[in-house]
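Undergrad: Quick one: the structure is below, questions incoming.
The values are calculated or read from the model by the stated rules, or taken from the named source; none is laboratory data. Bear in mind the structure is a predicted one, so any value in this text is a computation, not a measurement. Ideal geometry is used to build each Cβ from the backbone, glycine not excepted, and the neighbour counts take in all protein chains shown. Side chains are part of the model used for accessible areas, which takes the heavy atoms of the whole protein and leaves out ligands, DNA and RNA. Shrake-Rupley method; radii C 1.70, N 1.55, O 1.52, S 1.80 Å.
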Amino acid sequence: AAERFAAWESRYELEVCVADLPAGKDPGELAQHDPARLRASVERVLSERPDVAAVAVMGALAPTIGEIGVAFVVPADPGAPPTLEVLRSHVRGELGDYKAPDRLVLLDALPLTAMMKVDKAALKGLA
């Protein structure tokens, strides 16, 4: 089953991420102890939007506060991409204000590694 699923992801150039905040967990605590799971939750919330074709979220260094969230988005319609405020509002409604991304980078496609996974090193250079 895993091989068929991986072939499906590859065929449609997707990376499916199933993650959610665990019941009773504080998102701030999760950010400190399991940042990958928190990023996956924000990605899940953003990917629910019809104007988002693909998304990756990662932290970027920021003066004063240390780190900010950056949403890398491939818009479903390049002529009408979502705005940062629209995406922030959506995340605020699902996860809370302080987990909403602080920066938006629009891309034609997410960079991929040779293994067809999102190339996080390439994204860091774009943050």
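Undergrad: What residue, of P63, P78, is modelled with pLDDT under 85 and open to solvent by 20 Å² or more (accessible area, probe 1.4 Å)?
TA: P63
Undergrad: Could you check segment 56-82 and list, in sequence order, the residues that are part of a strand (DSSP E or B) and either over 11 Å from the mean Cα position of the chain (by Cα) or small (G, A, S) (or both)?
TA: A56, G59, A60, L61, A62, G66, E67, I68, G69, A71, P75
Undergrad: Condition first: farther than 19 Å from L61 by Cβ, surrounded by 13 or more Cβ atoms within 10 Å (Cβ to Cβ) and at pLDDT below 95. Now tell me which residues in segment 91-109 satisfy that. If you could, list the steps in order and put the result at the bottom.
TA: Kept after step one, since they are farther than 19 Å from L61 by Cβ, are these residues of segment 91-109: 91-97, 106-109.
So of that shortlist, the ones also surrounded by 13 or more Cβ atoms within 10 Å (Cβ to Cβ) come out as 91-92, 94-96, 106-107.
Correct list: V91, R92, E94, L95, G96.
Undergrad: From the residues in segment 21-55 that are basic (K, R) and not in a loop (DSSP other than H, G, I, E, B), which one is modelled with the lowest pLDDT?
TA: Selected residue: R37.
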